[in-house]
Amino acid sequence: MSGLQSALEPAGEQAAGIHGLFWLMMLVCGAMYLLVLGGVAWTLWRAFRRRRPASEPTIDPPDIGLNRGMLGWAGLIVVGLTVLITASFLVERNIAAARARDALEVRVTGHQWWWRIEYRDPRTGGWIETANELHLPLGRTTRVALGSADVIHSFWVPNIAQKLDVIPGRINLLDLTPTRPGWFRGQCAEFCGVQHAHMAFDVKVDAPEDFERWLAGQAKAAAIPADPVAARGQQVVTGGQCAMCHTIRGTPSTGRAGPDLTHFGSRRSVAAGTLTMSRGAVQGWIAQPQALKPGTMMPPVALSGPDADAASRYLMELQ
Ligand code: HEC
Ligand SMILES: [Cu+2]
């Protein structure tokens, strides 16, 4: 799975503010650090140059009176800290501000160990569900309502915005305003169980019209399989155990325990960033989810070789 994942290459308004703050802090604290080290070096140098005969005391009595030098140092520290506190306050206020009245509404729910993602449908006002891949329109603010289905997670796309905890029984709001198109990578940033490290997601930032087209595609029911193998695959997936846990809109599959698979084949990776999307990866995942992601909530389902093959063919066709 590729895609940028770095807070040092901001591609969103919120991340840009934090990035500026990071460098300001680096600069101020770096300057202070150098000044202190310089002071230590200077003191040592003086102490060694003024070596006295052994009979005299080697340590001067401390000078505890205030002098100009000390006041200067204290003043410098106060100024430095004031600059940092003010900048930090301004950036945080800017990030928290309700920026856009026409924000795109998205709901993201953390599950051990994957992400349920729902978009407000501009046509019907209902919700369009998908998983593990977040699409965002360029230059428009998306307001993500974060909820958890089980434990505490944390939602973080470092290139675009700050991280925010995902807490059971609470909805936390996070604004994302991407300023650069492309693929990015997000990651759960709060240890949430054995597969926490495999709780990632892809983020795609697109021009608004491309995003609208993509969303309209996701709103549709699943494609009817084109060839006999895929048709057999549809029977396997929607007529068996898989249907108890997965929804594929337009078929009898209406389970809610796992990710919505209606357009699964259009995604870039499998099982929350664990594998890169390919026929082999899908087949391997169906056969041995516990080997590829030990502890995952998806159990192995015994399928014959041809059935597993047909199922993966069908799933890949769900574009
Ligand atoms: C007991 C519930 C359950 C059953 C039964 C089940 N799954 Fe899953 N499935 C899950 C869960 C939970 C996940 C998310 C796992 C993760 O990423 O850790 C998942 C993930 C997946 C994914 C990856 C989805 C994505 O967005 O990357 C695919 C594909 C999938 N299942 C297909 C199947 C097929 C095909 C069957 C039947 C052979 C099946 N599942 C049976 C619960 C189930
Ligand atoms: Cu998590």
- Item | Flag if Ile167 is surrounded by 16 or more Cβ atoms within 10 Å (Cβ to Cβ), assigned by TED's automatic domain parsing to the domain that holds Asp121, within 17 Å of Leu136 (Cβ to Cβ) and of a type in the set (A, V, I, L, M, F, W, C) | no
- For segment 222-256 the number of residues that are basic (Lys, Arg), touching a residue at least 24 places away in the same chain (Cβ under 8 Å) and in a loop (DSSP other than H, G, I, E, B) is 1
- Please specify each residue of segment 264-306 satisfying the condition of being charged (D, E, K, R) and open to solvent by less than 30 Å² (accessible area, probe 1.4 Å). Arg267, Lys293
- Task: Please work out if Arg51 is open to solvent by 80 Å² or more (accessible area, probe 1.4 Å) and either at pLDDT 85 or above or within 21 Å of Trp73 (Cα to Cα) (or both).
- Result: no
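Looking at segment 247-263, which of its residues are within 24 Å of the chain's Cα centre (by Cα) and either open to solvent by 30 Å² or more (accessible area, probe 1.4 Å) or modelled with pLDDT under 95 (or both)?
Arg256, Ala257 - these are the residues of segment 247-263 that are within 24 Å of the chain's Cα centre (by Cα) and either open to solvent by 30 Å² or more (accessible area, probe 1.4 Å) or modelled with pLDDT under 95 (or both).
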- From Thr109, Thr130, which residue is open to solvent by 20 Å² or more (accessible area, probe 1.4 Å) and in contact (Cβ under 8 Å) with a residue 12 or more places away in the chain? Thr109
- Only one residue in Thr124, Thr58, Thr109, Thr86 is outside the structural domain of Thr276 (by TED's automatic domain parsing), more than 16 Å from ligand 2 (Cβ to nearest atom) and at pLDDT 95 or above, so which one is that? Thr86
- Query: Can you name every residue in segment 171-195 that is assigned to a loop (DSSP other than H, G, I, E, B), of a type in the set (S, T, N, Q) and away from ligand 1 (no atom under 15 Å from the Cβ)?
  - Reply: Thr177, Thr179
- For segment 120-158, enumerate the residues that are assigned to a strand (DSSP E or B) and over 17 Å from the mean Cα position of the chain (by Cα). Arg120, Trp127, Ile128, Glu129
- Note on the structure: Log entry, pairs with first residue in segment 179-190 being of a type in the set (Phe, Trp, Tyr), second being assigned to a loop (DSSP other than H, G, I, E, B) and away from ligand 2 (no atom under 16 Å from the Cβ), beta carbons closer than 6 Å, six or more apart or on different chains, reads Trp183/Gly3; Phe184/Gly3; Phe184/Asn159
- Item | Checklist (1) assigned to a helix (DSSP H, G or I); (2) within 16 Å of ligand 2 (Cβ to nearest atom) applied to Pro259, failing item | (1)
- Report whether or not Ala221 is aliphatic (A, V, I, L, M), within 16 Å of ligand 2 (Cβ to nearest atom) and within 20 Å of Glu118 (Cβ to Cβ). no
- Task: Assess whether Arg93 counts as being farther than 19 Å from Ile171 by Cβ and either over 14 Å from the mean Cα position of the chain (by Cα) or not assigned by TED's automatic domain parsing to the domain that holds Ala200 (or both).
- Result: yes
- Answer yes if at least one residue in segment 196-203 is in contact (Cβ under 8 Å) with a residue 40 or more places away in the chain, more than 13 Å from ligand 1 (Cβ to nearest atom) and surrounded by 14 or more Cβ atoms within 10 Å (Cβ to Cβ), and no otherwise. yes
- Cβ-Cβ under 8 Å pairs, at least 6 apart or on other chains, segment 266-281 side under 10 Å from Glu133 (Cβ atoms), far side of a type in the set (S, T, N, Q) and part of a loop (DSSP other than H, G, I, E, B): Ser266/Gln319; Arg267/Asn132; Ser269/Asn132; Ala272/Asn132; Gly273/Asn132
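The values are calculated or read from the model by the stated rules, or taken from the named source; none is laboratory data. Computed from a predicted model, the values in this text were never measured in an experiment. Every residue, glycine among them, receives a Cβ derived from its backbone with ideal geometry; neighbour counts consider all protein chains shown. With ligands, DNA and RNA removed, areas are computed over all heavy atoms of the protein, side chains included. Shrake-Rupley method; radii C 1.70, N 1.55, O 1.52, S 1.80 Å.
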